[in-house]
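Every number here is computed from the coordinates shown, using simple stated rules; none is lab data. What you see is a predicted model, and the numbers here were worked out from it, not measured in a lab. Cβ atoms come from the backbone with ideal geometry, glycine included; neighbour counts cover every protein chain shown.
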Amino acid sequence: MTSFYDQDDPQRHPPSAPAGTMPAERDDWHVDGDVDPDARYDDWTDAEVAEDERYRYEPAHEDDHRDADDHAYAEDHAYADDHAYAEDHGDVDGEGYADDHHDDLGYVGDPDDDPGDRRGAGRHGRHGARHDYVVLKGRRGGGGHRVLLVLGVIATFLVVLGAAGWWWYQRQIDPPGPPGEAVRVVIPSGTSTSGIGSILDGEDVIANGTIWNLYTSRKDAGPFRAGTYTLRKNSDLDSVIAVLEKGPTKATSSGAYLPAGLTVDELTTQLSKGVDRWSVDEIDAALRSGEVRSSLQPAGQSSWEGLLYPGTYTVSRRTELVAFLNDLASKMEKAVADQDPDPAIAAINEKWELDLSTYDVLTVASLIQREAGSEAEMPKIATVIYNRLADGERLGIDATSLYYAKQQGTDVDFSADTPYNTRTHDGLPPTPISTIDDAALRAALHPADGSWRYYVLVQKGKHLFTDDPDEFEKGRQLCIERDLGCG
């Protein structure tokens with residue numbers, strides 16, 4: 001609360017002084033030319049002095065609205081001597097008030113008053129009335145400063161984070177310390193640049209396989225030749241790339257890339273190229289020897305189609321051929337077992353009223369492997385096959401005729417009367433027609449829901465699926481026009 005002297009109290013305002021002012025000309029208020037702050041109380045009682053002191057130092061309240069006889073106002077729309085004043089939009093009476101609507105530090109009183117004496121009274125009001133004032137404390141643009149401070153902290157954090165990330169990235173490219181011991185690293189045939197990164201990471205030649213992928217991509221490095229390389233552990237990426245670009249110190253004879261979709265003949269040829277000490281004839285003889293076994297092969301069945309697991313393999317000098325082929329067969333057995341086939345096959349047989357065996361499902365999976373343009377299409381192709389088998393329709397899958405022609409070394413004849421011609425023969429072909437990966441196997445065991453009975457290639461890698469024979473025929477004509485292989 002701001003206190004103004006009561007103009008109606010003659011003891012507080014001697015007659016010689018105008019109402020509302022203090023008689024500065026009285027000599028007894030001065031000591032050696034300076035105002036004696038205690039002289040003003042000479043004529044007052046102790047109670048009046050105490051009351052005056054209370055009014056002078058009591059904090060102002062914004063809700064203490066009173067009218068003054070002289071209607072003094074305290075307005076804060078301007079600055080004087082670099083000091084802001086509290087804005088007063090209300091009337092003030094003998095005791096007055098300061099209604100501060102601002103957060104700025106200010107005080108009520110004469111703009112010419114000494115801004116340093118903020119504890120004392122104002123000298124003269126707007127209408128000559130002497131009054132005390134209180135300091136209205138607040139902020140001077142503190143919000144803006146805080147925003148700038150927060151932004152500065154964030155910017156500093158981002159700079160530090162970026163610097164730390166760059167420092168870590170550089171240490172993956174060029175790890176601290178000298179290169180370590182020399183190691184021999186074998187890169188199998190068909191290994192991709194990212195696959196090489198995994199091998200190098202596993203041998204501790206590089207610090208991080210993921211950073212290798214990013215760095216070689218940025219440098220446009222690779223592909224690199226298969227073979228045996230002598231590298232050092234804890235090497236920087238540039239030196240490793242330089243060694244790989246020079247080529248292997250020894251041509252590889254210990255690795256082979258056997259992708260899904262190969263026939264057995266294609267697989268044996270690929271394996272012989274990767275491991276030059278094994279000829280195609282030796283591999284074929286080992287498969288026919290009876291020493292290679294698979295629980296997935298039915299009794300009396302000699303074909304190994306669909307029973308050898310695809311992948312990239314490293315072969316040591318001590319590995320024997322029969323042991324290696326048994327390893328391929330064991331891996332395929334495990335891949336099937338991991339899919340838990342029995343409940344899935346039972347569900348397929350119940351839904352379509354079929355009587356398929358595990359070997360039959362492998363045959364379906366091989367058809368899917370050869371026919372699908374993408375992994376996403378695989379479950380739909382499985383559904384088409386099961387729908388047509390259930391309806392007693394011939395499958396009419398061209399891949400089976402192509403397989404037979406390849407086995408015989410002849411041109412494909414879609415009208416030939418062979419057990420692999422699914423245009424002329426009912427049901428599935430006698431055996432799978434290629435190696436099978438996990439995606440094709442999964443699709444065969446878990447077909448999509450749908451009524452499709454036809455599919456036809458309408459562009460490279462994309463089939464049209466339909467249950468309408470007219471729509472299928474239109475798609476087939478489009479396939480012929482685009483020379484996509486439809487006969």
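Summary table
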quantity	calculated
Computed label-point distance, nm, for sites Arg423 and Ser295 using a 7 Å Cα→Cβ extension	4.1
Value of Rg/Rh across region 256-330 [Cα atoms, Kirkwood radius]	0.92
Net charge of Cβ neighbours under 11 Å - reference Asp204; Lys, Arg +1; Asp, Glu -1	-1
Within region 431-487, trypsin sites (Lys or Arg not before Pro) in DSSP loop having at most 15 other beta-carbon neighbours inside 10 Å	Lys460, Arg482
Bins of 10 Å, starting at 0 and running to the largest distance - Cα pair percent for region 348-487	13, 44, 38, 6, 0
Glu203 long-range amide H proximity, modeled H, under 5 Å	none
Karplus-derived 3J(HN,Hα), 6.51/-1.76/1.60, for each residue of region 224-234, Hz, glycine and proline x	10, 6, 6, x, 9, 10, 9, 10, 10, 5, 6
Karplus-derived 3J(HN,Hα), 6.51/-1.76/1.60, for each residue of region 457-465, Hz, glycine and proline x	6, 10, 7, 4, x, 9, 10, 9, 10
Whole-number percent relative contact order across region 182-246, with pairs defined as alpha carbons under 8 Å at least 6 apart	44
Net charge of neighbours whose Cβ lies under 10 Å from the Cβ of Tyr403, counting Lys and Arg as +1 and Asp and Glu as -1	0
Cut-off under 5 Å, modelled amide H: who pairs with Leu258 long-range	Gly311, Thr312, Tyr313
Fewest-first ranking of Leu244, Leu148, using other Cβ atoms within 10 Å as the exposure measure	Leu148, Leu244
Efficiency of FRET from Cβ geometry, Glu333 and Asp467, R₀ 41 Å, rounded to 0.05	0.70
Residue order, fewest to most surrounding Cβ atoms within 10 angstrom, among His463, His145, His446	His145, His446, His463
Footprinting exposure proxy for Ile381, Ile199 (fewest neighbouring C-beta atoms within 10 Å first)	Ile199, Ile381
Prolate/oblate/rounded label for region 182-246 (Cα gyration tensor, a/c 1.5)	rounded
GluC sites (Glu not before Pro) within region 257-319: DSSP coil, no more than 16 neighbouring Cβ in 10 Å	Glu291
Under-5 Å amide H pairs with Val183, H placed in peptide plane, nonlocal only	Leu231, Arg232, Lys233
Whole-angstrom gap from region 180-224 to region 416-449, using each part's C-alpha centre	38
Theoretical gain in end-to-end length, Thr193 to Ala155 [0.36 nm per residue, Cα-Cα removed]	9.9 nm
From phi via Karplus (6.51, -1.76, 1.60), per-residue ³J(HN,Hα) for region 287-301 in Hz, x at Gly/Pro	5, 8, 6, x, 7, 9, 10, 8, 5, 7, 8, x, 4, x, 8
Paired Rg and Dmax values of region 254-383, which use every Cα atom, in angstrom	16.0, 51
